[in-house]
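Novice: My questions all concern the structure below.
Derivation of every value follows stated rules applied to the coordinates shown; laboratory data play no part. Everything numeric here is computed off the predicted structure, so don't read it as measured data. Cβ atoms come from the backbone with ideal geometry, glycine included; neighbour counts cover every protein chain shown.
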């Protein structure tokens with residue numbers, strides 16, 4: 001009874017180590033440019049209007065290799081937390097032993113004796129300074145960080161699939177435009193050859209048109225190779241062999257998505273899973289530091305044994321022995337190992353603090369840059385469309401003047417090639433706009449809550 005009173009006195013007089021609060025980086029009140037009023041959906045890729053893309057992303061979030069890797073790491077973290085938490089419970093073990101001995105005295109026959117033992121052994125460390133609880137809290141935070149790593153993987157994967165889909169659609173649309181341009185060039189070449197046969201134009205005009213067709217042909221082959229690469233990229237992202245997926249629907253670019261509302265910079269701290277994971281790992285390092293400090297103090301352990309023994313198995317419970325012990329151990333000389341561990345954990349915390357601040361400022365920079373890039377890209381696409389319309393009007397006028405014999409073919413060919421290049425450039429820049437819009441949605445932390453929501 002005195003021992004129990006003494007232990008209770010120790011427990012009430014001891015306080016666990018706790019980490020210091022995590023500092024919050026200083027954030028701006030708003031982004032530098034106004035974005036829009038559209039509230040981006042969590043499944044922002046649905047704004048692209050492709051059911052095939054929606055199915056690809058849904059399948060990837062369920063079974064893609066990157067998601068399975070992140071899920072396995074989450075399972076590892078949960079198992080590690082359970083293992084650490086088990087130290088808060090007593091350990092109880094059972095033993096059983098049967099022995100037979102033979103004794104032969106100097107005179108006499110061999111004597112035989114049997115002994116049977118059964119026992120229970122219990123051990124429990126009183127967590128006086130909160131060391132075990134700090135370790136469990138650290139592992140719990142690691143589980144939370146691993147869950148946010150899973151969400152980050154989902155956000156990244158959805159963005160990569162949408163980006164590859166947009167690039168494949170852009171490449172195929174450029175190939176379709178090039179095929180149409182080559183048909184137009186072939187018709188012009190046939191007309192020139194007929195005019196040359198009738199001595200209405202020079203051989204130079206025919207040769208120039210043939211060179212223009214050959215130049216356009218050199219653009220086609222790299223685009224075909226790029227289309228194959230993008231098809232394989234999409235198959236790889238979903239964990240499929242090349243040629244497995246039906247990607248025929250990725251043939252033309254969708255319309256640009258609505259401009260998403262950026263919100264406030266402070267909202268990123270809760271929306272971006274990579275920021276959440278960095279913050280949780282910073283908290284984790286604080287609890288690891290608390291555990292390292294507590295490990296330098298004395299540890300109190302209770303042990304107990306209850307043993308049965310006897311020479312007859314049927315009467316083994318008639319003879320028993322029980323003992324209970326409490327031991328207090330304190331480090332005296334350890335070569336500075338525990339002190340060095342405290343210093344190491346302090347350095348880990350400083351490292352993770354710097355990593356957390358960098359993650360926050362990186363996210364802010366991505367959103368601020370993304371908003372500006374999307375707005376400027378919208379203006380660029382509009383300017384290209386105006387330039388293309390003007391080039392089309394100029395080419396129409398040049399053809400009429402050429403047919404009337406008041407304009408040389410070289411000028412008309414130059415206008416034709418310029419228009420064709422503008423058409424291809426407009427496709428590429430529209431694809432770039434869509435890619436930047438998807439990147440902005442990712443920078444805002446959209447794309448994970450529908451599949452991996454927070455616990456309510």
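Novice: Taking only Cα atoms, what is the 0 to 90° angle, nearest 10, from helix 65-85's long axis to the longest principal axis of the chain?
Specialist: 20 degrees
Novice: Specify which labelled value, from (1) 139, 63, 42; (2) 71, 62, 47; (3) 70, 66, 40, agrees with Cα extents along the principal axes in Å derived from the coordinates of the model shown.
Specialist: It is the value labelled (1).
Novice: To the nearest 500 deg cm²/dmol, what mean residue ellipticity at 222 nm is calculated for the chain from DSSP H runs of n ≥ 4 alone, each contributing -39,500 (n - 2.57), summed and divided by the residues? Kindly include the intermediate steps, with their values, before the conclusion.
Specialist: Working: 9 runs with 276 residues, N = 456.
My calculation for the chain gives -22000 deg cm²/dmol from helical runs alone.
Novice: Nearest 10 degrees is fine. How inclined is helix 409-443 to the longest principal axis of the chain, computing both from alpha carbons?
Specialist: So the inclination is approximately 20 degrees.
Novice: Here's another thing I want to ask about it. If you count, for each residue, the other Cβ atoms within 10 Å and average over each peptide, how do 137-146, 172-181, 267-276 line up from highest to lowest?
Specialist: On the way: 137-146: 22.1, 172-181: 17.6, 267-276: 20.0.
My ranking of the peptides, most packed first, is 137-146, 267-276, 172-181.
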